[in-house]
Amino acid sequence: MNIYVINGPNINLLGTREPEIYGHETLDSISKDCIKKGLKDGHDVKFMQSNYEGEIVEWIQHAIKEKIDAIVINAAAYTHTSIAIHDALKSFSGFKIELHISNPHLRESFRHVSYISPVVDAVVAGLGANGYSHVIELLADLQKSYE
Ligand code: CA2
């Protein structure tokens, strides 16, 4: 499978601040781990992070054009605000997983609404940074069970 792992604003700060919420791992180490685990199963995993909503929309459009098999998206704060990312994901017909490091439902009420959840196949939240590699490991099986 060709897999895009798309990360939204401030995820580049992982491992540098708020370790009690987001842990000690950096995005770089998470991405290296996922690429390695993906390769083992024959997946091509591409990691991306942007602080800009439009750039995330463009990556999703690129995934549509290139017929990428799956998108794993942690839209970060845009989860709770972005109709643009919702609309772009709706047009992507591959397998889609919304991922969060923390469980937003245990946090402030403004994090309880997701504009992403209605347009994805599955949501993974609260597994910490390990959630990324778990999802990559399970992706091929998950996709089959959702077909
Ligand atoms: O739990 C998640 O993965 C979130 O998507 C993270 C977002 C937050 O707005 C969502 O409600 C839940 C925030 C990402 C900020 O990442 C930081 C990492 C380290 C230090 C500061 C921020």
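A few comments on the model shown:
- Accessible surface of segment 2-146, 1.4 Å probe, proportion on carbon and sulfur as whole %: 52
- Choice from Leu14, Leu39, Leu106 with maximal GNM fluctuation in the chain (Cα, 10 Å cutoff): Leu106
- Solvent-accessible ranking of Ser102, Ser117, largest area first, probe 1.4 Å: Ser117, Ser102
- Solvent-accessible heavy-atom area per residue, rounded to whole Å², over the chain at 1.4 Å: 52
- Rounded to whole Hz, the Karplus (6.51, -1.76, 1.60) HN-Hα couplings of segment 98-110, x for glycine and proline: 8, 10, 9, 5, 8, 9, x, 6, 8, 10, 4, 4, 5
- Size descriptors for the chain, from the alpha-carbon set: Rg then Dmax equal 14.0, 40 Å.
- Nonlocal amide H pairs with Leu99, under 5 Å, H built at 1.01 Å: Ile73, Asn74, Ala75, Val124
- Segment 103-147 and segment 1-46: distance between their alpha carbon centers, rounded to Å: 14
- Residues whose amide H comes within less than 5 Å of that of Val5, counting only those at least five positions distant or on another chain, are Lys46, Phe47, Met48, Val72 (H built at 1.01 Å from N in the peptide plane).
- Lysine pairs within segment 10-147, Cα separation less than 16 Å, 8 or more sequence positions apart or different chains: 12
- Largest GNM mean-square fluctuation among Glu58, Glu98, Glu20, using the chain with Cα springs under 10 Å: Glu20.
- 13 Å beta-carbon shell around His24, net charge (K/R +1, D/E -1): -3
- Ranking Tyr115, Tyr132, Tyr22 from most to least accessible surface, computed with a 1.4 Å probe over the protein chains only, gives Tyr115, Tyr22, Tyr132.
- Inter-label distance, nm, simple model (7 Å from Cα along the C-beta direction), Asp41/Leu13: 3.1
- Over the chain, relative contact order from alpha-carbon pairs under 8 Å, at least 6 apart, %: 27
- Nearest-0.05 FRET efficiency for Glu55 and Ser145, computed from C-beta distance (R0 41 Å): 0.80
- Separation in nanometres of the label points that stand 7 Å from Cα toward Cβ, at Glu20 and Val113: 2.8
The values are calculated or read from the model by the stated rules, or taken from the named source; none is laboratory data. Every value quoted in this text rests on a predicted model; they were computed, and no experiment measured them. Every residue, glycine among them, receives a Cβ derived from its backbone with ideal geometry; neighbour counts consider all protein chains shown. Calculation scope for accessible area: heavy atoms of the full protein, side chains included, ligands and nucleic acids excluded. Shrake-Rupley method; radii C 1.70, N 1.55, O 1.52, S 1.80 Å.
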